[in-house]
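The values are calculated or read from the model by the stated rules, or taken from the named source; none is laboratory data. Values in this document were obtained by computation on a predicted structure and should not be read as measured data. Because the Cβ atoms are built from the backbone with ideal geometry, glycine has one as well, and the counts that use them run over all protein chains shown.
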Amino acid sequence: MAELVARCAQLDQLDYFEVLQLPKDATPADIKKAFYRESRAYHPDRFYQLENKELKDQVNELYKRVTEAYYMLRDDSKRRKYLADVTGPERAQKLRFTEASEAETKAAVKKEVEEQIGTHPKGRHFYQLGTADLDASRWAAAERNLKMALTYEPANARYKEKLAEAQKKLNEESKARGDAFKIK
């Protein structure tokens, strides 16, 4: 009981590795084993007979943190990011998983993907056609398809970059042939 009280008292200073009593280089199997060990030891149902409501609440909080720790550490990418966070200068702010931080991470990943391939299906389609035309040295077709992609997503920087590339190639080809007109 004294160990339980001591762990609950320092819960706010523990990172997820410390909550599960694991080294920072623990394997996924070690993490799973530690989660089951801690779950059996601190499951709230084991403490139903306690009269002290405050201690019951602390047990619930400890079990919640054990579950959070397992959720975060069982996923390789989340574990790597978390490890970088808790070994960095902002350790105190990064000890706990929050829904807001998870939503922020998902939004950043989604934005990165959208910037690369686009959000609109037709925009993506024309972008793919345009890049295929660029690869095949069909500059006019690439320019036309990339302009179409930009009609669906006018703010997409990736599309604009590829369009500029196609227009540059088209302009170079035009100069090489000695055409009188310039591509704008």
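Observations on the structure shown:
- Any hit, the range 86-97, residues being at pLDDT below 90, among the hydrophobic types (A, V, I, L, M, F, W, C), under 27 Å from Ile31 (Cβ atoms) and within 15 Å of the chain's Cα centre (by Cα): yes
- Within the range 20-46, the residues that satisfy the criterion of being of a type in the set (D, E, K, R) and either surrounded by fewer than 18 Cβ atoms within 10 Å (Cβ to Cβ) or more than 18 Å from Arg7 (Cβ to Cβ) (or both) are Lys24, Asp25, Asp30, Lys32, Lys33, Arg37, Arg40, Asp45, Arg46.
- Residues in the range 9-44 that are more than 28 Å from the chain's Cα centre (by Cα) and closer than 17 Å to Asp85 by Cα: none.
- Ala69 being in a loop (DSSP other than H, G, I, E, B), over 15 Å from Glu3 (Cα atoms) and within 30 Å of the chain's Cα centre (by Cα): no
- Test: Leu146 is touching a residue at least 24 places away in the same chain (Cβ under 8 Å) and of a type in the set (A, V, I, L, M): no
- Filter result (surrounded by fewer than 19 Cβ atoms within 10 Å (Cβ to Cβ) and either within 13 Å of Tyr36 (Cβ to Cβ) or at pLDDT 90 or above (or both)) within the range 66-76: Thr67, Arg74
- For the range 1-26, filtered to residues that are of a type in the set (Asp, Glu) and part of a loop (DSSP other than H, G, I, E, B), the residue that is nearest to Lys56 (Cα to Cα) is Asp15.
- Qualifying residue in the range 47-65 (condition: touching a Lys or Arg at 6+ places or on another chain (Cβ under 9 Å), of a type in the set (D, E, K, R) and surrounded by 15 or more Cβ atoms within 10 Å (Cβ to Cβ)): yes
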